[in-house]
Amino acid sequence: MITAGIDCGAKTVKVVVIKDGQVVGKSLVPAGIDAKGAAEKAFDEALAQAGLSRKDVAKVVSTGTGRKEPTFRDEEVTEVTADARGAVFLFPQARTVIDVGAEEGRAIRVDAAGKVVDFAVNEKCAAGAGAFVEAMARALEVDLEEMGKLSLQAKQAVPMNAQCAVFAESELVSLVHAKTPKPDMARAIHDAIADRIVSMVRRVGAEPEVVLIGGVAKNVGFVDSLSRDLETEVKLPDDPEMVGALGAALIAAE
Amino acid sequence: MIANYGYKDGSGEYFISIDTDKCDGCGDCVGACPYGVLITGEDPNDPFREEPVAMVSEDHRKKIKYSCAPCKPVSDRPPLPCVAACGSGAIEHSW
Amino acid sequence: MTEEFWRWTESRWTSPDIDWKSGDIITAGCDVGSVSTQAVVMVDGQLYCYANMRTGSDSPDSAMRAINWALEGTGMTLDDIQYSVGTGYGRVNVPFAQRAITEIACHARGANFIYGSTVRTVLDMGGQDCKAIHCDERGKVVSFLMNDKCAAGTGRGMEVFADLLNVPITQIGELSLQVDEEPEPVSSTCVVFAKSEASALLRSGWPKEKVIAAYCSAMAHRVVTLLERIGMEEDFAITGGIAKNIGVVSRLEKELGVKALQTDYDTQLAGAIGAALFAKALVEKQRKGK
């Protein structure tokens, strides 16, 4: 059976097409201002990659903030459900799933059967999501990937006091004026966001294995700060931002 | 006086309210809080008050959502240690 | 950066009606904020002189410059002042002050002096924070909150919007009123997300005025919810930089169904006046103790 999952996030739309439990096509396109159009485009791209057409797909399940946007969806599931399903499929031992996207952070606890037990969400405040890291990278004038790598070269932990992305930008400017080395600032940024994510994770209990998904999982600096703060190894899938869409596709196949 | 320490941001309202008329500055809440959120001292907002009063420490005011998170697990929520420790019922959390 | 918005100029003033030499209790209050510093001298609880100037990079120095400028030409020296209280962000760095008292307490006391004893709710919207204070007829704080964690509802948040729309911040208020119909408020509280929302609205063809109106109304709504927490009661007064933004103030008054009090005083002085009044009360307390 062929099914598809589409994850309509704040910044990007992701589609995963699976056939009998195997991924046969995937795509990622910017959400832009036309969410419906982006969903169509992402779906067609993933199908093209799989060499399939829409009529071959038995069922489409959507998830994400914009999950009502794709007109071709058969069903909708919440991000929590989709994330948990996708993460447990990739890491059967997973008990804690952390999803950090552009505008939301989420911590989910699952039981041995992969069922969601508890979850906590941080939304509507940039300080607890990927948007924080993006804003800081802009202020430092480095691209995201570079900032992640810089962070690993930090010599010391510099505290950041501001708890708001806007005020943190001003604080970063003072750190620049104080001639703080760039790697130390990068580390301060990642430590700050990791600290907020970890306190959310502790509300659901941080039982191993811990799996990190979502776009921010590709930031090596953040992963480093998060692992240190959690005092545990964090498992990373190859395509962390696709896990929600994968979960949706798996749910569609059930 | 009701002293509201904390903030409101896009994600919600996070205030610890201390009724300074009920608070006698005993400091039981300070010992009960595992994260050093509460302190006692001279009331910075009432220069004529003689006895000490409880307040949220400067370090925690901008992040109590996070500082207090471990005492607020999503399920099986026990009573908050600071609220339980306060014999005069002076402490309230808004979330 | 923030200075432009507040549209204030450095100033000093001496009362022509008071002979300080015949005064009994002479006190000073100094409010060192992140943007501006005010020093006032009061003679027997009446405003005698003040100076209002920019805060420099050094708080103690800013406080000294402000008090020296206030005293200029009065014949009074620091030695003539019996008691001084520091307040504001840099309150512990006022070299001539015997005591530091929070801006919460001082604002309430100062507003009581400026607006009269009927004022019950004071909203202070500054460059980096937002304070809501509920006080009694003597200017004593009944409840308060101070939000300095989040940029939403502060001058800094408004600045981010002014930058995005490329509109001078001083014109935001007027421009926001040039809409035929009031748009829905911007739905995001967070300044970062509200900015993305505004960019999307601009791309979809909204004129600048409409986007500004949507933001001013979101800001007004946010402040109303903060006022609800401390218990909004009339009379109501607004101080701080945003008090000068008619776009936010008019929407705030509309949502509350209340008009904010007006005064001839420079409302930036509220904190320093409150501090000087506390200083007077502390002198009286000392005398009683003796």
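Structure values in brief
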{"read-out": "Helical mean residue ellipticity (222 nm; -39500 (n - 2.57) per DSSP H run of 4+; nearest 500) of chain C", "value": "-12000 deg cm²/dmol"}
{"read-out": "Packing-based order for A:25-32, A:140-147, using average beta carbon neighbours within 10 Å, highest first", "value": "A:25-32, A:140-147"}
{"read-out": "Residue-by-residue Karplus 3J(HN,Hα) for region A:115-129, coefficients 6.51, -1.76, 1.60, Hz, glycine and proline x", "value": "7, 6, 9, 8, 8, 9, 10, 10, 9, 6, 9, 5, 4, x, 9"}
{"read-out": "Cross-link table A:LYS11/A:LYS149; A:LYS149/A:LYS218; A:LYS11/A:LYS41; B:LYS8/B:LYS65, entries beyond 20 Å C-alpha to C-alpha", "value": "A:LYS11/A:LYS149"}
{"read-out": "Residue-wise HN-Hα coupling along region C:230-246, computed from phi with Karplus coefficients 6.51, -1.76, 1.60 (Hz; x: Gly, Pro)", "value": "8, x, 6, 9, 7, 6, 10, 10, 10, 10, x, x, 5, 4, 8, 9, 4"}
{"read-out": "Lys/Arg +1, Asp/Glu -1 at C-beta; the protein assembly as shown dipole; positive extreme among A:THR71, C:ALA152, C:SER34", "value": "A:THR71"}
{"read-out": "Under-5 Å amide H pairs with C:CYS49, H placed in peptide plane, nonlocal only", "value": "C:SER15, C:VAL41"}
{"read-out": "In Å, descending, principal axis extents of the Cα set of region C:128-268", "value": "51, 30, 24"}
{"read-out": "Dmax and Rg, reported as Rg then Dmax, of chain A (C-alpha, Å)", "value": "18.5, 61"}
{"read-out": "Computed over region A:119-254, the ratio Rg/Rh where both radii use C-alpha atoms and Rh is Kirkwood", "value": "1.00"}
{"read-out": "Separation of alpha-carbon centers, region C:21-51 and region A:185-254, rounded to whole Å", "value": "55 Å"}
{"read-out": "Inter-chain Cβ neighbour average for residues B:52-64, partner chain, 10 Å", "value": "2"}
{"read-out": "Built amide H within the under 5 Å cut-off of C:LEU261, gap 5+", "value": "C:PHE236, C:ALA237, C:ILE238"}
{"read-out": "Kirkwood Rh and Cα Rg combined as Rg over Rh, evaluated for region B:2-93", "value": "0.96"}
{"read-out": "Dipole magnitude of region A:1-112 about its Cα centre (Cβ charges: Lys, Arg +1; Asp, Glu -1), debye to nearest 20", "value": "140 debye"}
{"read-out": "Estimated dipole of region C:106-206 in Debye, rounded to 20 [Cβ of Lys and Arg +1, of Asp and Glu -1, Cα centre]", "value": "520 debye"}
{"read-out": "Chain C - Rg and Dmax from Cα coordinates, angstrom", "value": "19.9, 72"}
{"read-out": "Convex hull volume per residue in cubic angstrom - Cα atoms of region A:94-188", "value": "112 Å³"}
{"read-out": "Karplus (6.51, -1.76, 1.60) ³J(HN,Hα), θ = phi - 60°, over region C:185-192, in Hz, Gly and Pro reported as x", "value": "x, 4, 7, 7, 6, 4, 4, 4"}
{"read-out": "Degrees, to the nearest 10: C:155-165 long Cα axis against longest axis of chain C", "value": "40 degrees"}
{"read-out": "Positive-pole candidate from C:PRO185, C:ALA279, C:SER199, dipole of region C:139-290, charges at beta carbon", "value": "C:ALA279"}
{"read-out": "Cα centroid separation - region B:38-63 against region C:57-76, whole Å", "value": "30 Å"}
{"read-out": "Per-residue Cβ neighbour rank within 10 angstrom, fewest leading, C:ARG222, A:ARG202, A:ARG54", "value": "A:ARG54, A:ARG202, C:ARG222"}
{"read-out": "Tail fraction, Cα-Cα pairs, region C:217-290, threshold 21 Å, whole percent", "value": "43 percent"}
{"read-out": "Student exercise, region B:2-93 dipole from Lys, Arg, Asp, Glu Cβ charges, in Debye to nearest 20", "value": "560 debye"}
{"read-out": "Relative counts (whole %) of C-alpha pair distances in the protein assembly as shown, using bins that are 10 Å wide", "value": "3, 15, 22, 24, 18, 10, 5, 2, 1, 0"}
{"read-out": "Centroid-to-centroid separation of region C:230-267 and region A:108-137 [C-alpha atoms, Å]", "value": "38 Å"}
{"read-out": "Interchain or long-range residues, amide H under 5 Å from C:THR37's placed H", "value": "C:MET53, C:ARG54, C:THR55"}
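The numbers here are math on the coordinates, done by the rules we state, and not lab data. Being a predicted model, the structure only gives us computed values, none of them experimental. Please note: Cβ atoms are built from the backbone with ideal geometry, for glycine as well, and neighbour counts cover all protein chains shown.
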